[in-house]
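The values are calculated or read from the model by the stated rules, or taken from the named source; none is laboratory data. Values in this document were obtained by computation on a predicted structure and should not be read as measured data. Neighbour counts run over all protein chains shown; Cβ positions are idealised from the backbone, glycine included.
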Amino acid sequence: MAAGFKTAEPLEYHRSFLKENCRPDGRELGEFRTTTLNIGSISTADGSALVKIGNTTVICGIKGELTSPPADAPNSGYIVPNVDLPPLCSSKFRPGPPGEQAQAASQFMADVIESSEVLLKEDLCIEKAKLCWVLYCDIMCLDYDGNLLDACVIALVAALKNAQLPEVSINKDTDLAEVNTDKKRHLNVAKHPVSSSFAVFDDSIVIVDPTAEEETLSTAMMTVVTDENETLCMLHKPGGTSLSSEKLQDCISRAVTRNREVGKLINTVTQSVETDK
Amino acid sequence: MRSRLATTMEVDGLSAFSLREFGCEQNLLSRPDGSSSFVQGDTSVLAGVYGPAEVKISKEIYDRATMEVVIQPKVGLPGVKERAREQCVRETCEAALLSTLHPRSSLSLVLQVVHDDGSLLSCCLNAACMALMDAGLPMGCLFCGVTCAIDPEGHIVTDPTAQQEKDSRAVMTFAIDSAQHRVMMSSTKGSFSVNELQQCIAVSQRASEKIFQFYRESVRRRYSKTV
């Protein structure tokens, strides 16, 4: 009976739960799904992380390559994020060139990196106007069950913290780069941005961490990115119904507490990996 | 005969916020069902709306119209940046339009960037709203775009030029609805505090009133000429 109701009237089905201040999966309105993090999962990458938020699974691999710095900023390197939504992760996505959502997510990640200054591009420069690192941050979704952006940001920050690059020097005589693979060092991850996504139901009810089904039924989505100093790095609301400033304030406070939770998770996992060695 | 209108309004010199000179022209293209060009200082965007028209079966939605937005940059092919902007404009239009009145049909909006001198996304939103209005599509409310930049000293600059955007610490663009003056869309760059965000929203809400007044005046002038 309940299954039939859910298929025939999905919105009514969700509303009947929201009326009682809970959700079909048993969560409260302001509750995130269980978040798990595994780092160093890809041995061939310089840094990697696998994140699960409920059923949503995202993997991020970081690969460093050497190149010459951009002409307009000879003191800096490159960070190139890319989000891939393969047909494997959901029936919503078709094979072929990346769709709008994947491209918008890639742009979102690039904006988060730039706005939060998680990693300074200047740190990636090895020799001014000669040699620098380009970090390819490839993020792939393995299972899409909503809240892609939150998972992507956690995966990126954890993978950057996990990444180790070999020492590179330029030989004065030959003018060639020499890579010392025995000496590796971590990147200088200065900030820890964490994103929190919200969905708006019926123009008034705000829920956190929406599932894929809740995302399709909601009237608006919003993502707030904060860093550990409670500074906002991003308030991304791509349209949808409008939100009052009180609701907005509630969302920001929730995002700040979420930042602490995720910050703790990333620290515990990174430390446990380091003690294992 | 097609009616033409060119309105400009000077709202500079206000104490709390200043906007550059605005200009708007509606119904300037013959083929689209609705068109407009919107000018904010040196930033200029041309918009055309087609629809409601037949929709591709794969994109059909059974209870409402399918909205498509394309942003064409001034030079080169549209890239990832344009896609992100398209998403913002499309979802804002979807929220404002009463798309359930045209089920199983397509609405397509094409925005051509004529010149970018800062506040491009807000100019796109304004041009989109004027074009939708010109096409006579049913809407629940109007919307407008306002861009705010926070300079290194912490001052808020509304409707910044490209140079002001470059020099600033943070840039935020909001879409404000005409019914309740609330935030429909928000897109930000750079980091800022909660307090600064609230200030920028408040300034944008006040600026939006000016922009809606400009909408009203420019439409009034257009129809007073036609009749």
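General observations
- Looking across the range A:13-54, the residues that are closer than 25 Å to A:SER253 by Cα and of a type in the set (S, T, N, Q) come down to A:ASN21, A:THR34, A:THR35, A:THR36.
- Tally, over the range B:44-73, of residues that are among the β-branched types (Val, Ile, Thr) and more than 21 Å from B:CYS123 (Cβ to Cβ): 4
- Enumerated strands (runs of 3 or more DSSP E) restricted to the range B:131-227, each holding at least 2 residues that are free of Cβ contacts under 8 Å to residues at least 40 places away in the same chain: B:143-150, B:170-177, B:183-189
- Qualifying residue in the range B:185-192 (condition: more than 18 Å from A:GLN249 (Cα to Cα) and either more than 7 Å from chain A (Cβ to nearest Cβ) or surrounded by 19 or more Cβ atoms within 10 Å (Cβ to Cβ) (or both)): yes
- A:ARG260 falls short on exactly one of the conditions (1) within 21 Å of the chain's Cα centre (by Cα); (2) within 9 Å of chain B (Cβ to nearest Cβ); (3) of a type outside the set (Val, Ile, Thr), and that condition is (2).
Here is a yes/no grid of residues against (1) in contact with a helix residue (DSSP H, G or I) (Cβ under 8 Å, 6 or more places away or on another chain); (2) crowded, with 17+ Cβ neighbours inside 10 Å; (3) modelled with pLDDT of 95 or more; (4) on the phi < 0 side of the Ramachandran plot:
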residue	(1), (2), (3), (4)
B:ARG2	no, no, no, yes
B:GLY51	yes, yes, no, no
B:GLU54	no, no, no, yes
B:PRO73	yes, no, yes, yes
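Residue-wise test of (1) closer than 19 Å to A:ASP111 by Cα; (2) not polar (S, T, N, Q).
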| position | (1), (2) |
| --- | --- |
| A:ALA163 | no, yes |
| A:GLU167 | no, yes |
| A:LYS172 | no, yes |
| A:ASN180 | no, no |
| A:LYS184 | no, yes |
| A:LEU187 | no, yes |
| A:ILE205 | no, yes |
| A:LEU235 | yes, yes |
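- Where strands (runs of 3 or more DSSP E) fall entirely within the range A:46-159, those with at least 3 residues that are more than 14 Å from chain B (Cβ to nearest Cβ) and under 25 Å from A:PRO210 (Cβ atoms) are at A:47-53, A:56-67, A:131-143.
Okay, residues lined up against (1) within 15 Å of the chain's Cα centre (by Cα); (2) facing another protein chain (nearest Cβ under 10 Å); (3) buried (at least 23 other Cβ atoms within 10 Å of the Cβ):
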residue	(1), (2), (3)
B:CYS144	yes, no, yes
B:THR161	no, no, no
B:SER204	yes, no, yes
B:GLN213	yes, no, no
B:ARG222	no, no, no
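- Residue tally, condition more than 8 Å from every other protein chain (Cβ to nearest Cβ) and more than 16 Å from the chain's Cα centre (by Cα), over the range A:246-255: 6
- The strands (runs of 3 or more DSSP E) found wholly in the range A:194-245 and carrying at least 1 residues that are within 11 Å of chain B (Cβ to nearest Cβ) and within 20 Å of A:THR257 (Cα to Cα) occupy A:194-201, A:220-226, A:232-236.
- Which numbered condition B:ILE71 misses (of (1) touching a Ser or Thr at 6+ places or on another chain (Cβ under 9 Å); (2) closer than 19 Å to B:SER187 by Cα): (1)
- Options A:ALA110, A:ALA105: the member that is under 24 Å from A:VAL194 (Cβ atoms), touching a residue at least 40 places away in the same chain (Cβ under 8 Å) and touching a helix residue (DSSP H, G or I) at 6+ places or on another chain (Cβ under 9 Å): A:ALA105
- Considering residues of the range A:167-181 that are surrounded by 10 or more Cβ atoms within 10 Å (Cβ to Cβ) and touching an Asp or Glu at 6+ places or on another chain (Cβ under 8 Å) only, the residue farthest from A:VAL262 (Cα to Cα): A:ILE170
- Some residue of the range A:92-113 being crowded, with 19+ Cβ neighbours inside 10 Å and among the charged types (D, E, K, R): yes
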